[in-house]
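One structure below.
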Amino acid sequence: MRNIVKAVAVNKYFGDFHALKNIELEIPHGEVLCIIGPSGSGKSTLLRCINQLEKIDQGGMWVDDEILGYRTDGHKLIELGDEQISRQRLKTGMVFQRFNLFSHMTVLENIIEGPCQVLRRPVEEARELALELLRRVGLEAKADAYPIELSGGQQQRVAIARALAMRPKLMLFDEPTSALDPELVGEVLSVMRDLAKSGMTMVVVTHELGFAREVASRVVFMDAGQIIETGSPEDVLMNPRNARTQDFISAVLN
């Protein structure tokens with residue numbers, strides 16, 4: 001199966017801090033990859049590099065067979081400008097810990113803003129898609145509400161619909177439930193389960209091990225900027241081989 005993401009010897013530094021260390025990763029189309037690990041292990045940084053919110057310092061990364069941040073001219077690599085990077089970024093949708101909705105816009109307006117302003121879609125076409133996505137996340141009745149009128153779980157579901165409205169090939173989730181009250185986590189995970197069942201390629205940074213066990217095609221455990229262990233949910237979560245993975249899972253479950 002063809003890969004939608006490929007990372008080769010990827011390194012990322014923040015000053016003297018080595019955030020990502022020689023990351024090697026391939027993600028095929030249709031896979032649901034869950035990334036777990038302690039805080040500061042590089043999970044979110046890896047997602048931000050895939051979405052080009054951070055620029056890698058060494059190595060190479062490809063999304064949908066296109067090298068990120070560069071174009072090829074014969075045997076030379078030429079760095080892309082901001083506009084071209086924004087075009088590459090359209091292949092990915094990203095959902096953050098915080099919802100980042102425009103507070104002065106209704107739910108519907110939040111969702112159609114990108115398709116209309118960036119993709120130049122007709123307003124009626126964008127509106128029709130937005131309502132379809134709101135039905136999908138169970139919020140059709142909230143189309144005319146403002147973010148302040150919604151719970152955190154509802155706002156996160158709107159954020160997912162907004163990302164999907166750009167018709168990405170890959171969805172990235174950076175701990176999408178970590179800012180939610182416990183009773184609201186389930187409604188967001190339910191939407192993500194449905195999205196996974198639909199065949200969407202997803203990379204999910206999460207601390208919800210039960211969700212990862214249920215939904216993931218594959219689980220990656222990261223620590224100190226490295227991929228320590230990768231495998232099926234059963235292998236990594238139930239029978240981890242690496243001692244560091246064993247310690248982390250034991251600490252989370254206890």
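Numbers for the structure displayed
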{"item": "Strands (runs of 3 or more DSSP E) lying entirely in the range 48-165 (those with 3 or more residues that are open to solvent by 60 Å² or more (accessible area, probe 1.4 Å))", "result": "70-73, 76-79"}
{"item": "Any hit, the range 191-203, residues being under 22 Å from residue 129 (Cβ atoms), touching a strand residue (DSSP E or B) at 6+ places or on another chain (Cβ under 8 Å) and small (Gly, Ala, Ser)", "result": "yes"}
{"item": "Filter result for residue 43 (open to solvent by 20 Å² or more (accessible area, probe 1.4 Å), of a type in the set (D, E, K, R) and either more than 29 Å from residue 144 (Cβ to Cβ) or touching a residue at least 60 places away in the same chain (Cβ under 8 Å) (or both))", "result": "no"}
{"item": "Boolean, residue 23 is at pLDDT 95 or above, open to solvent by less than 60 Å² (accessible area, probe 1.4 Å) and closer than 28 Å to residue 180 by Cβ", "result": "no"}
{"item": "Close pairs (6 angstrom Cβ cut-off, 6 or more residues apart or separate chains): among the polar types (S, T, N, Q) in the range 210-238, not in a helix (DSSP H, G or I) anywhere", "result": "217/31; 217/32; 226/21; 230/220"}
{"item": "Every pair of residues 6+ apart whose Cβ atoms lie under 7 Å, when the first sits in the range 173-193 and is open to solvent by less than 10 Å² (accessible area, probe 1.4 Å) while the second is assigned to a helix (DSSP H, G or I) and not aliphatic (A, V, I, L, M)", "result": "176/156; 188/153; 188/156; 188/157"}
{"item": "Single match in 84, 58, 88 (criterion: of a type outside the set (Asp, Glu), more than 22 Å from residue 188 (Cβ to Cβ) and within 20 Å of the chain's Cα centre (by Cα))", "result": "88"}
{"item": "Filtered residue count, the range 1-33, keeping only those that are over 20 Å from residue 168 (Cα atoms) and not in a strand (DSSP E or B)", "result": "2"}
{"item": "First in the range 71-97 and closer than 13 Å to residue 55 by Cβ, second anywhere and open to solvent by less than 80 Å² (accessible area, probe 1.4 Å) and part of a helix (DSSP H, G or I), Cβ under 8 Å, 6 or more apart", "result": "80/88"}
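The values are calculated or read from the model by the stated rules, or taken from the named source; none is laboratory data. Everything quoted here is computed from the prediction, not taken from an experiment. As a convention, Cβ positions derive from the backbone with ideal geometry for all residues, glycine included, and neighbour counts pool all protein chains shown. Ligands, DNA and RNA are excluded from the accessible area calculation, which covers all protein heavy atoms including side chains. Shrake-Rupley method; radii C 1.70, N 1.55, O 1.52, S 1.80 Å.
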